[in-house]
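Each remark here refers to the structure printed beneath this line.
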């Protein structure tokens, strides 16, 4: 009998696409198939509109909850059909959902994309709503990926830090010593501010390879103001989102600056903010003989990687491709793993990361056919 297949779905803060993966965890981890499902413009716009408070929110949220679920189900069906996956071998789907609000200071988080509808459309058991059980136990509900990082990437002779650079950026600190707890937290913005700024000024979804940022000059006063945000100096556990790091925040700070700045220089400064906030967090742990591995969309930004390599010297910097998992698929694989853990009655959180009172099984199960 072949090992069960688990499907992971991830739609992140950047809203660039829905990542779908099929993986096996027995006898060891294996990535079986991948698929990237485009997000239609109208769903993209509706989701962006819900990130910030507005009118008629409940009605718009209800409709988007169903529209996203249909899209998640389509991603699963495309993954299955394109790779001829045997349905009888698929144990479950782990769906992260689309985060609309993440307010740990108010003890709530909200991800949508109705799992009832995903299970109904696909006929496959779906596990979803992973974050709120950790939050109910006093945790931040994020980041959740460090537990997967630890299961897959921990090395008994090498200190490692995993850096996921999506819309936001987060760290997982994996010290070699077995008695060291797993640590992790959101460092701040990943791509979100750079993406929003280039969309506003150049109508492009992202700054390919950081080329536009590389053409600008860092604005020292603006960078100093950005880095003065209290979040950066707060002790973990901590997590954040678009509620803090958004285009309106940048525009407000710019309006208070004594002079106007070229958009390209602002982009350069936003890239430096991401690089500095990540590097400062890593360097604060003062780990020796350290390997740093990047994953997520930001791992392809060559200018960002160059700045991180400089700021992190002499530490080794590469991507999770060197650990045999492409940077694009790490997060989706993590939510497949969380579904695997839940169906096996095992915990999915790391209390040392989220601040929860203890280990908890995560997510609710929506049975398939």
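Within the chain, what percent of beta bridges assigned by DSSP are antiparallel, to the nearest 5? Rounded to the nearest five, the antiparallel share is 65 percent.
Judged by the gyration tensor of its Cα atoms, with axes a ≥ b ≥ c, the range 145-323 is prolate; a/c meets the 1.5 cut and a/b is the larger of a/b and b/c. With the simple model of a label 7 Å out from the Cα in the direction of the Cβ, residue 322 to residue 209 spans 2.1 nm.
At 222 nm, what helix-only mean residue ellipticity would the chain give, in deg cm²/dmol to the nearest 500, using -39500 (n - 2.57) for each DSSP H run of four or more?
-11500 deg cm²/dmol
State the percent of C-alpha pairs, over all pairs in the range 329-369, separated by a distance greater than 12 angstrom. Tail of the P(r) past 12 Å holds 62 percent of the pairs. The slack in the chain from residue 105 to residue 357, taken as 0.36 nm per residue of separation less the alpha-carbon distance, amounts to 89.1 nm.
Ordering 118, 100 by the number of other Cβ atoms within 10 Å of each residue's own Cβ, fewest first, gives 100, 118.
Rounded if a/c is under 1.5, else prolate if a/b beats b/c, else oblate: with a ≥ b ≥ c from the C-alpha gyration tensor eigenvalues square-rooted, which is the range 19-153? Walk me through the numbers on the way to the answer.
Numbers: a/c = 2.15, a/b = 1.26, b/c = 1.70.
Oblate shape, in that a/c is at least 1.5 and b/c is the bigger or equal ratio.
Full extension of the chain between residue 63 and residue 200 yields a length gain of 46.6 nm, computed as 0.36 nm times the residue separation minus the alpha carbon distance. Pop the C-beta distance of residue 151 and residue 88 into the FRET formula with R0 = 35 Å and round what comes out to the nearest 0.05. The value I calculate is 0.85.
Is the shape of the range 283-323 best called rounded, prolate or oblate, per the rule: a/c under 1.5 gives rounded, else a/b larger than b/c gives prolate, else oblate, with a ≥ b ≥ c the square roots of the Cα gyration tensor eigenvalues?
Judged from the Cα gyration tensor, the range 283-323 comes out oblate (a/c at least 1.5, b/c at or above a/b).
The orientation-averaged projected area of the convex hull spanned by the Cα atoms of the range 222-338 comes to 9.0 nm². Restricting attention to the range 145-323, close to 55% of DSSP beta bridges with both partner residues there are antiparallel. Legend: calculated FRET efficiency, residue 232 to residue 44, from the Cβ-Cβ distance at R0 = 45 Å, rounded to 0.05, equals 0.95. If you fit an axis through the alpha-carbon atoms of helix 302-311 and take the longest principal axis of the Cα set of the chain, what angle between them do you get, 0 to 90°, nearest 10? Approximately 70 degrees, to the nearest 10. Take every pair of alpha-carbon atoms less than 8 Å apart whose residues are at least six positions apart; their mean separation over the length of the chain yields a relative contact order of 23 percent. Working from label points 7 Å from Cα in the Cα-to-Cβ sense, the residue 259 to residue 306 distance is 2.5 nm. Taking the structure as given and computing semi-axes √(5λ) of the Cα gyration tensor in Å, which label from (i) 28, 24, 21; (ii) 32, 25, 19; (iii) 36, 22, 19 fits? Correct label, based on the coordinates given: (ii). By other beta-carbon atoms within 10 Å, ranking 70, 37 with the fewest at the front produces 70, 37. Whole-percent P(r), the range 87-169, all Cα pairs, 10 Å bins from 0: 15, 36, 34, 14, 1. Structural descriptor for the range 145-323: relative contact order 28 percent, calculated from alpha carbon pairs under 8 angstrom and at least 6 residues apart. The long axis of helix 41-50 is offset from the longest Cα principal axis of the chain by roughly 70 degrees. For the range 1-52, relative contact order (Cα pairs under 8 Å, six or more residues apart, normalised by length) works out to 28 percent.
Bear in mind that the values in this text are calculations on the coordinates, not laboratory data. The model shown is predicted, which means the values in this text are computed figures rather than measured ones. Here Cβ is always computed from backbone atoms with ideal geometry, including for glycine, and neighbour counts include all displayed protein chains.
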